[in-house]
Amino acid sequence: MAGQQAPGLVGGIFAGLGGLFVVMGLGFAYHTRNFIATAQTATGQVIALEYRRSRGSDGTVSHLYYPVVEFALPDGEKIRFEGQVGSSSPRFRVGESVEILYDPRRPQVARINRFWDLWLLPIVFSGIGSVFFLIGVGLLAKRLGLI
């Protein structure tokens with residue numbers, strides 16, 4: 001009896017977590033879309049590459065480079081921010097010009113205007129959530145005898 005309930009319990013957990021991740025991904029997408037719609041553009045310059053090393057739970061070490069970008073507001077004030085997306089090999093060179101988007105009310109909220117810099121979180125959360133949700137629904141359907 002306990003073995004028969006396992007697919008239902010596991011399926012419910014997977015479907016619930018998957019649904020939560022999909023909702024979070026959609027929330028990130030909504031926020032990104034609104035940010036893009038209201039953002040101002042500027043040209044920034046990569047002034048540094050922030051190197052980070054981290055150790056995963058399995059002991060593997062990852063090395064990521066995050067661009068540090070500086071840009072000037074129309075009044076001349078300089079704003080500096082770190083890109084949200086790191087990569088194992090630098091995607092930018094120090095001194096490289098990049099188009100950025102920034103919130104005119106809070107210019108410290110800025111992002112590099114490239115696809116992955118804007119859409120990575122929505123894609124990752126929605127993608128992983130969809131997979132978990134579908135696995136959960138499949139397990140629940142099996143438990144209910146629908147497949």
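Please treat every number below as a calculation from the coordinates, not as lab data. Just so it is clear, the model here is predicted, and its values are computed rather than measured. Quick reminder, even Gly has a Cβ in these numbers, built from the backbone with ideal geometry, and neighbours come from all protein chains shown.
Sequence-ordered 3J(HN,Hα) estimates for the stretch 93-100 from the Karplus curve with 6.51, -1.76 and 1.60 and θ = phi - 60° stand at 9, 4, x, 6, 8, 9, 7, 10 Hz, glycine and proline given as x. Beyond 17 Å, what percent of the Cα pairs of the stretch 93-147 remain? That fraction is 62 percent. Axis angle, to the nearest 10 degrees, between helix 2-38 and the longest C-alpha principal axis of the chain: 20 degrees.
Could you work out how far apart the two model spin labels at residue 135 and residue 96 are, taking each label as a point 7 Å from the Cα in the direction of the beta carbon, and quote it in nm? Result: 3.5 nm between the two label points. According to the calculation over all Cα-Cα pairs in the chain, the P(r) per 10 Å bin from zero is 11, 27, 26, 18, 11, 6, 1, 0 %. Relative to the dominant Cα principal axis of the chain, helix 115-143 is inclined by about 0°. Normalized C-alpha radius of gyration of the stretch 2-68, against 2.2 N^0.38 Å? With N residues counted in the stretch 2-68, Rg over 2.2 N^0.38 Å equals 1.87. Residue by residue, the stretch 41-56 carries 3J(HN,Hα) couplings of 9, 7, 9, x, 10, 6, 9, 6, 10, 7, 9, 10, 10, 9, 10, x Hz when phi is fed to the Karplus relation 6.51 cos²θ - 1.76 cosθ + 1.60 (θ = phi - 60°); x denotes Gly or Pro.
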